[in-house]
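Structure first, commentary second.
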Amino acid sequence: MEIITRQKIIDDLAPKKFGWRGRVWVIVLLIFCFIGLVAYLLQLSKGLVVTSMRDYASWGIYISNFVFFVAISLVGSLITAVLRLTNVHWSTPLTRIAEIIAVSAITFASIIIVVDMGRPERFYNLFTHGRLQSPIIWDVVVITTYFFISILLLYLPLLADFNILLQIKKRTGSRLNKLYSFFGSFWKNKPEQIKINNRSIQILSITIIPVAFAIHTVTSWLFATTYRPGWDSTNFGAYFIAGAFLVGSGAVLVAMYIFRKAYKLDKYITNDHFDRMGKIVVMLALVYLYFNVNEFLAPAFKMKKTEEGYLHGLFTGVYSRIFWFALSTAIFIPILILVNKKGRKPLPAFVAGCLVVIGSWFKRYLIVTPTLLNPLLPMRDVPDSYRHYFPSWQEWAIAMGSLAGMMLIITIFARLLPIIPIQETIDEMEEHEKD
Amino acid sequence: MSTSDTSRRDFLAAGLLAGAALTGCSGNENPFDKAQKSGMITPTGKTVKLLSVDGEVVEMDEAFLRPVSDLPPVSNAEARVGIPGKKFVMVIDLSRCKSVKACQASCNHAHELNPGENWIKVNVMQDAEYTAPYWQPTTCMHCDEPPCVKVCPVDATFKREDGLVLIDSDRCIGCRFCMAACPYTTRVFNWEAPQIPKEMAAKPYSCETSTPQKIGTVSKCDFCADMTRKGELPHCVSACPNGVFFFGDMIEDTVSNGAETFRFSELIKDKAGYRLMEDLGTKPSVYYLPPVNRNFPFEDKEDSLGEKKDKIKS
């Protein structure tokens, strides 16, 4: 790594105004969010009948999206906690990217679950009448905990950066300065402050790991605690966590590439970062592949009558196209790309990351829908529309709106605050000089 | 039909209340006097005879009759506990079913279900390629280990002392976890607003009648808890022309389809009764008698939606 001066680092990493590309991007995201909001207002006035969900497919892409959001949010704990605790230093510039992905994803996971409710105005019943034996209550508890720990892991490392940003008032503008001083004016870079802060981050990094495992395990139990083919599995917790780390790391690859291009961060997010993240994605894809084999091989070997329709549907039947598409894009092609050294260059790594994210979204769709359309008793005495599920435009609009909303939070965050931690980069650089 | 039913019920309730008011008041203070003096009520001169709660026949002026709102017969707290000393059970005799679906029609009517929704489904079953096909009506199984109750986050669906699993639609948040949890897929969701007259929709919800249906909440077969409280048979039982459904109390050890009554234990023993998906450990309260020595040959005149084929052609 070449040596960069402190001043240069601050200049490079301080938040910058959007260029025209940035503005167009924000406008596009806002349009998606707006369409989603309109669709939701329509759903509120007419009820869930505007969706394509019916009594058999009683959950649809809202729940798929919820699982997707919870999954992608797990990367915050992987990059900030697991890598930090194992003394991996190269990941420092990526911590904040991972953490803002986590916070924005978990925010929209909560929003989308309320969207799925038939009576959202009774949300408070979860607190006034909550019963601890329901996995939904467990999910509410762990998701809330994870949200606050993630917010703290985002905020605490920012304190030192606020201090730096407040020293370059001219560049940032008065509005942003108000924001910085509101959140960070008490920070004086005193040794005691730094000591307390580092210790807090250390404790949170340890705490977030079991909580992160808990959120996705509990989310998998929303399915695994039922008797349905495809969900009635003891493999589900581990299978979900493996998939979650994979999609989150894919998302980090995508975000790294975009931020590097948009903010010209070549010196900070280097080719070496893509190389290392690429290797991590390969490893995670292999782990996820292993859990997929576990999830399908044993039931397919036995081919129990209750599982038969479900398994045939996935492998050769109505869902087979989506199934093989999802497995190829989320696992096989990314492994083939990233296993080569050339494939771990920024652009191909970015493509692989995109594939992982897209494939993983469809994988979540396949976790929810095929099972529900293969009930244990035959589908009978229901209108024809109850036997199929293809999301209505309102569902697509809301799902896309929520994804756009998540990206909007990340984009706005990067506009207001340094997306790469300034102080930590300077510290790393000084460490490097000593060596 | 249903509206005339309710108006009759209103009328009776009004009569009872008015009668109770008359007998309850001593001669010194007639609550109707004040109203009469202020000119709010003018007697019509026509009198009606009413039966008071004490069984006394009283006579009063028609002008005093007022319709009262149809309050649920029992409070929510009572409806959640159930009827003490009872354990309700249903026996469905598959040898008698020819998919007439009178059960379904009477159930849908009594519970004000939206068109297309059915709590009772009559499945065509064929367990293996060479085994005999048969009709299998399914209701809620009112499991003793109900998976739906386990997963409900807000105690909106609950298990009562008398074995019934009911739903409080005023509390349900519409998460549909219970629908995913139920292995018998017996639960029905109100995707759209119930298509019932405004006056009916405005009535207070009762867990025992499961009416009025509420948009955005889950509903299902309730074993007609309101009928059982009155000591009557559920609607499907009395509607079935072939006597397929038997209903009763395990503690009394009696089940009846209206025309015939059996010892529950003997019926199950003699006819080799069984429950659905015993291996799941849900312990249903609905028992089936196998489709042997059938009263009717199996004839499937329905399309896959469960509609009669000749009906569609016409």
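Values in this text are rule-based calculations from the coordinates and carry no lab data. Source: prediction; values computed, not measured. Positions of Cβ are generated from backbone atoms using ideal geometry, with glycine treated the same way; all protein chains shown enter the neighbour counts.
The peptide list A:135-141, B:234-240, A:312-318, A:68-74, put in order of mean Cβ contacts within 10 Å with the highest first, becomes A:68-74, B:234-240, A:135-141, A:312-318.
Exposure proxy shown here: for B:Asp279, A:Asp427, the number of other Cβ atoms within 10 Å sets the order, fewest to most, as B:Asp279, A:Asp427. Go through B:Lys150/B:Lys214; B:Lys86/B:Lys203; A:Lys279/A:Lys363; B:Lys220/B:Lys283; A:Lys169/A:Lys434; A:Lys16/A:Lys342 and tell me which ones have a Cα-Cα distance over 24 Å in this structure. Checking Cα-Cα distances, B:Lys86/B:Lys203; A:Lys169/A:Lys434; A:Lys16/A:Lys342 exceed 24 Å. Computed from backbone phi with θ = phi - 60° and the Karplus coefficients 6.51, -1.76 and 1.60, the 3J(HN,Hα) list for segment B:75-83 is 6, 4, 4, 5, 4, 6, 7, x, 8 Hz; x is used for glycine and proline. For chain A, with the dipole built from +1 on Lys and Arg beta-carbon atoms and -1 on Asp and Glu ones, taken about the Cα centre, which of A:Ile194, A:Tyr239, A:Gly76 lies farthest toward the positive end? The residue sitting most towards the positive pole is A:Ile194.
Residues B:Lys214, B:Lys46, ranked from the fewest to the most other C-beta atoms within 10 Å, line up as B:Lys46, B:Lys214. Computed over the alpha carbons of segment A:96-197, Rg followed by Dmax gives 18.7, 55 Å.
Taken about its Cα centre, segment B:211-314 carries a charge dipole of roughly 260 debye when the Cβ of each Lys and Arg holds +1 and the Cβ of each Asp and Glu holds -1. Look at the stretch A:42-49: the mean tally of other chain Cβ atoms within 10 Å of its residues' Cβ atoms is 4.
For A:125-133, what's the mean count of beta carbons from other chains sitting within 10 Å of each residue's beta carbon? Provide the component values of the computation, followed by the final result.
Working: counts 8, 4, 1, 2, 8, 3, 9, 1, 6.
For this peptide, the per-residue mean of nearby foreign Cβ atoms is 5.
Cα axis of helix A:95-116 to longest principal axis of chain A: angle in degrees, 0 to 90, nearest 10? So the inclination is approximately 30 degrees.
Rounded to the nearest 0.05, what FRET efficiency is calculated for A:Met283 and B:Glu161 with R0 set to 51 Å and r the Cβ-Cβ distance? Intermediate values should be presented prior to the final figure.
Numbers: r = 55 Å, r/R0 = 1.08.
FRET efficiency, A:Met283 to B:Glu161: 0.40.
Comparing mean-square fluctuations of A:Ile100, A:Ile113, A:Ile149 from a GNM of chain A with C-alpha springs under 10 Å, the top value falls on A:Ile113.
Take the alpha carbon atoms of segment A:235-319, find their radius of gyration, then divide it by 2.2 N^0.38 Å using N residues; give the quotient. Let's see the in-between values first.
Numbers: Rg = 18.2 Å, N = 85, 2.2 N^0.38 = 11.9 Å.
Computed over Cα atoms of segment A:235-319, the ratio equals 1.53.
Spin-label model, A:Thr5 to A:Arg415: label points 7 Å out along the Cα-to-beta-carbon direction sit 3.2 nm apart.
Within 10 Å of each candidate Cβ there may be at most 14 other Cβ atoms; applying that plus a DSSP loop requirement, which chymotrypsin sites (Phe, Trp or Tyr not before Pro) in segment B:75-176 survive? Please list the in-between numbers first.
Details: sites: B:Phe88, B:Trp119, B:Tyr130, B:Tyr134, B:Trp135, B:Phe158; in loops: B:Trp119, B:Tyr130.
Here the sparse-neighbourhood loop sites are B:Tyr130.
Modelled spin labels at B:Lys203 and A:Lys170, positioned 7 Å past Cα toward Cβ, are 7.9 nm from each other. In terms of surrounding Cβ atoms within a 10 Å radius of their Cβ, B:Met125, B:Met179 rank from fewest to most as B:Met125, B:Met179. Annotation: the antiparallel percentage among DSSP beta bridges lying fully within the protein assembly as shown is about 90.
Here chain A is described by how far its Cα atoms reach on the three principal axes: 72, 49, 43 Å, from widest to narrowest.
State the three equivalent ellipsoid semi-axes of the protein assembly as shown, derived from the C-alpha gyration tensor as the square roots of 5 times its eigenvalues, in descending order and whole Å.
Taking √(5λ) for each eigenvalue gives 60, 34, 21 Å, largest first.
Projected label points at A:His388 and B:Ala259, each 7 Å from Cα along the beta carbon direction, are separated by 4.4 nanometres. Once the C-beta distance of B:Asp170 and A:Phe34 is scaled by a Förster radius of 35 Å, the resulting FRET efficiency is 0.55 to the nearest 0.05.
Pop the C-beta distance of A:Phe182 and A:Leu156 into the FRET formula with R0 = 22 Å and round what comes out to the nearest 0.05. Let's see the in-between values first.
Working: r = 16 Å, r/R0 = 0.73.
In this case the efficiency is close to 0.85.
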